[in-house]
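A short write-up of the structure that comes next.
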Amino acid sequence: MKALLWIVLCAAIAANVSLNFFMDDSGLHIALSVVSGVVVLASGARLWMLRRPAES
């Protein structure tokens, strides 16, 4: 599960960066940036929730 989340996180970050280089400022660009940003936030939050508690 964690490996898949890491892959999704990295792919969404790469997609968001590449969108900024290869697309102009159109409605499609904005929509794809929002979608990739939501995926980054969701996968990052899920990875944070799956972390192991610190051992003391």
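Below, the figures for the structure above:
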item: Selected residue (criterion: nearest to A3 (Cα to Cα)) from residues of the range 21-56 that are at pLDDT below 85 and exposed (fewer than 10 other Cβ atoms within 10 Å of the Cβ); result: R52
item: L5 being in contact (Cβ under 8 Å) with a residue 24 or more places away in the chain, touching a Phe, Trp or Tyr at 6+ places or on another chain (Cβ under 8 Å) and assigned to a helix (DSSP H, G or I); result: no
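The values are calculated or read from the model by the stated rules, or taken from the named source; none is laboratory data. Because the structure is predicted, anything quoted here is derived from the model rather than measured. Cβ coordinates were reconstructed from backbone atoms using ideal geometry, including for glycine residues, and neighbour counts include every protein chain displayed.
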